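The values are calculated or read from the model by the stated rules, or taken from the named source; none is laboratory data. The structure displayed is predicted, hence computed values, not measured ones. Neighbour counts run over all protein chains shown; Cβ positions are idealised from the backbone, glycine included.
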Amino acid sequence: MSEKGFKLYKEGEPAYLKASLLAGNGFVDHAFSTRLGGCSKGAFSSLNTAFHVGDSRENVLENRRIFFKQFNYDYRYIISSVQVHGTDLKVFDHKNCGEGALPFTAHARCDALITEEPGLPLTAYSADCLLIYFVSLQKSPLVAIAHAGWRGTLGGIGKKVVSYLKAHFSVQPGQLLVGLGPAVCRNCYIVDYYLADQFKTAGWDDPSYLEPAGQDQWSLDLSAINAEQLLRAGVRAENMACNYWCTSCNPELFYSYRREKGITGRMIGFISINDTGHNGRR
């Protein structure tokens with residue numbers, strides 16, 4: 001396991017992953033949850049963090065409380081969007097504090113969240129899709145998180161975030177730290193001709209991204225494509241923590257939409273500029 005990738009922390013429960021590359025600057029809190037250490041049962045066992053999958057409201061809230069407590073954040077002040085598998089993004093500030101913390105309170109419909117304000121935990125959810133974490137190294141702290149499924153990957157959501165940060169915040173791509181969270185690997189992500197053809201048409205037909213896996217089937221590497229898109233957008237290789245974890249290959253650690261045929265929970269990823277004086281802190 002690369003030292004730059006996400007590392008599993010399992011000393012207590014709930015277990016989680018984080019990247020030393022992102023944490024090393026000292027002003028960023030971030031993590032990616034596992035399925036361990038919660039109260040949910042059955043297909044959602046045990047740390048499901050999403051309301052929309054069929055788990056009870058009470059279980060999800062308790063799981064979020066348990067997860068964020070270990071980072072000294074109050075789960076009632078996290079920020080979530082309605083993920084629509086697109087490439088839209090939004091900048092959040094203190095006025096958005098708590099949006100998405102409770103059912104039906106998320107207002108923004110977007111798959112990338114950005115903030116300059118300390119103490120606002122931006123969150124995203126996945127069960128195979130890739131979560132991309134962004135940290136600016138320039139003078140003013142700035143963080144972002146993006147959710148990249150196949151649609152977001154095809155649309156270049158990571159590149160779009162980089163371009164937006166440059167245009168609206170004067171953040172140079174070479175001054176970004178980027179972490180790619182756990183996601184489904186190429187061996188587990190088998191797609192049909194229709195989807196493969198869309199990626200071929202977009203220029204991702206190299207075997208390192210897409211290769212035949214049987215009759216009318218192809219293996220697709222979302223993590224590799226997103227990493228290459230970010231490099232082409234100007235992110236430096238030494239500033240990127242690539243993904244080495246497959247959500248489908250590790251059923252003891254992760255939920256997987258494809259492995260469980262859609263009936264499963266969701267992991268949560270979050271990133272925040274830390275500030276003990278903000279309401280988002282406990």
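For the structure I just gave you, tell me whether ALA196 is aliphatic (A, V, I, L, M), surrounded by fewer than 22 Cβ atoms within 10 Å (Cβ to Cβ) and either modelled with pLDDT of 95 or more or outside any helix (DSSP H, G or I) (or both).
Values: aliphatic (A, V, I, L, M): yes; surrounded by fewer than 22 Cβ atoms within 10 Å (Cβ to Cβ): no; either modelled with pLDDT of 95 or more or outside any helix (DSSP H, G or I) (or both): yes.
Answer is no for this residue.
Within the span defined as segment 245-252, one or more residues are under 20 Å from the mean Cα position of the chain (by Cα), crowded, with 20+ Cβ neighbours inside 10 Å and either β-branched (Val, Ile, Thr) or assigned to a strand (DSSP E or B) (or both).
If a residue has to be in a loop (DSSP other than H, G, I, E, B) and out of contact with any helix residue (DSSP H, G or I) (no Cβ under 8 Å at 6 or more places or on another chain) to count, how many in segment 120-139 make the cut?
Here is the first cut: in segment 120-139, the residues in a loop (DSSP other than H, G, I, E, B) are 120-121, 127-129, 137-139.
Those left that are additionally out of contact with any helix residue (DSSP H, G or I) (no Cβ under 8 Å at 6 or more places or on another chain): 127-128, 139.
Of the residues in segment 120-139, 3 are in a loop (DSSP other than H, G, I, E, B) and out of contact with any helix residue (DSSP H, G or I) (no Cβ under 8 Å at 6 or more places or on another chain).
For segment 92-135, filtering for residues that are of a type in the set (A, V, I, L, M), in contact with a strand residue (DSSP E or B) (Cβ under 6 Å, 6 or more places away or on another chain), over 18 Å from ASN274 (Cβ atoms) and touching a residue at least 60 places away in the same chain (Cβ under 8 Å) leaves 4. Residues being free of Cβ contacts under 8 Å to residues at least 60 places away in the same chain, in contact with a strand residue (DSSP E or B) (Cβ under 6 Å, 6 or more places away or on another chain), surrounded by 14 or more Cβ atoms within 10 Å (Cβ to Cβ) and not in a helix (DSSP H, G or I) are represented in segment 169-186 by at least one member. Taking first residues from segment 242-271 that are touching a residue at least 60 places away in the same chain (Cβ under 8 Å) and closer than 25 Å to VAL28 by Cα and partners that are assigned to a loop (DSSP other than H, G, I, E, B) and β-branched (Val, Ile, Thr), the Cβ contacts under 6 Å between residues at least 6 apart in sequence or on separate chains come to THR247/VAL184; LEU253/THR34; PHE254/THR247; ARG266/THR49; ILE268/THR49. Selection of segment 62-79 for residues being surrounded by 18 or more Cβ atoms within 10 Å (Cβ to Cβ) and not charged (D, E, K, R) yields ASN63, ILE66, PHE67, PHE68, TYR73, TYR75, TYR77, ILE78, ILE79. Taking (1) aliphatic (A, V, I, L, M); (2) within 20 Å of the chain's Cα centre (by Cα); (3) surrounded by fewer than 18 Cβ atoms within 10 Å (Cβ to Cβ) in turn, ALA202 satisfies each apart from (2). For segment 1-45, name all the residues that are aromatic (Phe, Trp, Tyr) and either surrounded by 18 or more Cβ atoms within 10 Å (Cβ to Cβ) or not in a loop (DSSP other than H, G, I, E, B) (or both). Answer for segment 1-45, where residues must be aromatic (Phe, Trp, Tyr) and either surrounded by 18 or more Cβ atoms within 10 Å (Cβ to Cβ) or not in a loop (DSSP other than H, G, I, E, B) (or both): PHE6, TYR9, TYR16, PHE32, PHE44. For segment 196-234, the candidate set comprises residues that are in contact with a strand residue (DSSP E or B) (Cβ under 7 Å, 6 or more places away or on another chain) and touching a residue at least 40 places away in the same chain (Cβ under 8 Å); within that set, the residue that is farthest from THR123 (Cα to Cα) is PHE199. Here is the figure for segment 140-160: residues that are within 23 Å of TRP245 (Cα to Cα) and either touching a Lys or Arg at 6+ places or on another chain (Cβ under 8 Å) or not in a loop (DSSP other than H, G, I, E, B) (or both) total 14. With respect to (1) assigned to a helix (DSSP H, G or I); (2) under 23 Å from SER272 (Cα atoms); (3) touching a Phe, Trp or Tyr at 6+ places or on another chain (Cβ under 8 Å), the lone exception for ASN226 is condition (3).
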